[in-house]
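Chemist: Here it is, the structure in full.
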Amino acid sequence: MDGLTVHQRFYRKHRERLSKSNKEEISRVMSRKIASWRHLGIVLKEGEEWESIWYFVEACQECESCEKPFKNRMDRQLDHDHKTGFIRDVVCKSCNAKRMYQDIYC
């Protein structure tokens, strides 16, 4: 392979599609979301970039756990291991809550 993560390959493939007029709004939304992920304790593995993770999460159309389509943008959650902080999947709110319970209480 090329040594890039899935997130990096996706970002490089799709970043050209953004129109200049839309970039400022996307930048604001992205900055807020990345700040909330950092506040939650999510950390990146070596070679990953916040921006590419954000684009990857936004492009996901269905939960990687239960495979149901996301109802809206707010239903899409970035799941992470609560012990290490590393990202696992993009899941729906329901699956994320189940995994959080397992991380904390099991």
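Chemist: Under 37 °C and 0.692 mPa s, how fast does the chain diffuse according to Stokes-Einstein, given a Kirkwood radius computed over C-alpha pairs? Answer in µm²/s, whole number.
Modeler: Working: Rh = 14.7 Å.
Estimated via Stokes-Einstein, D reaches 223 µm²/s.
Chemist: How do 81-93, 26-38, 48-60 rank on mean C-beta neighbours within 10 Å, highest first? Please list the in-between numbers first.
Modeler: Values: 81-93: 16.2, 26-38: 13.5, 48-60: 18.2.
The most tightly packed comes first, giving 48-60, 81-93, 26-38.
Chemist: What is the magnitude of the charge dipole of the chain about its Cα centre, with +1 placed on the Cβ of each Lys and Arg, -1 on the Cβ of each Asp and Glu, and no other charges, expressed in debye to the nearest 20?
Modeler: Working: 21 positive and 17 negative charges, 70 e Å.
Rounded to the nearest 20 debye, it is 340 debye.
Chemist: A follow-up question, please. Using a 7 Å offset from the Cα along the Cα-to-Cβ direction at both Met74 and Glu46, what is the distance between the two label points in nm, to one decimal?
Modeler: Taking the two extended label points, one gets 4.0 nm.
Chemist: Grab the Cα-Cα distance for Val29 and Arg12, subtract it from 0.36 nm times how many residues apart they are, and report the gain in nm with one decimal. Before the final figure, lay out the partial values.
Modeler: Numbers: separation 17, 0.36 × 17 = 6.12 nm, distance 1.92 nm.
Full extension of this stretch gives 4.2 nm more.
Chemist: Here are some pairs, Lys33/Lys71; Lys13/Lys68; Lys23/Lys45; Lys68/Lys93; which of them have Cα atoms lying more than 21 Å apart in this structure? Can you show the working numbers first?
Modeler: Numbers: Lys33/Lys71 19 Å; Lys13/Lys68 25 Å; Lys23/Lys45 26 Å; Lys68/Lys93 11 Å.
Result: Lys13/Lys68; Lys23/Lys45 exceed 21 Å.
Laboratory data are not the source of any read-out in this text; all were calculated from the coordinates shown. Small disclaimer: the values here were computed from a predicted structure and weren't measured. Positions of Cβ are generated from backbone atoms using ideal geometry, with glycine treated the same way; all protein chains shown enter the neighbour counts.
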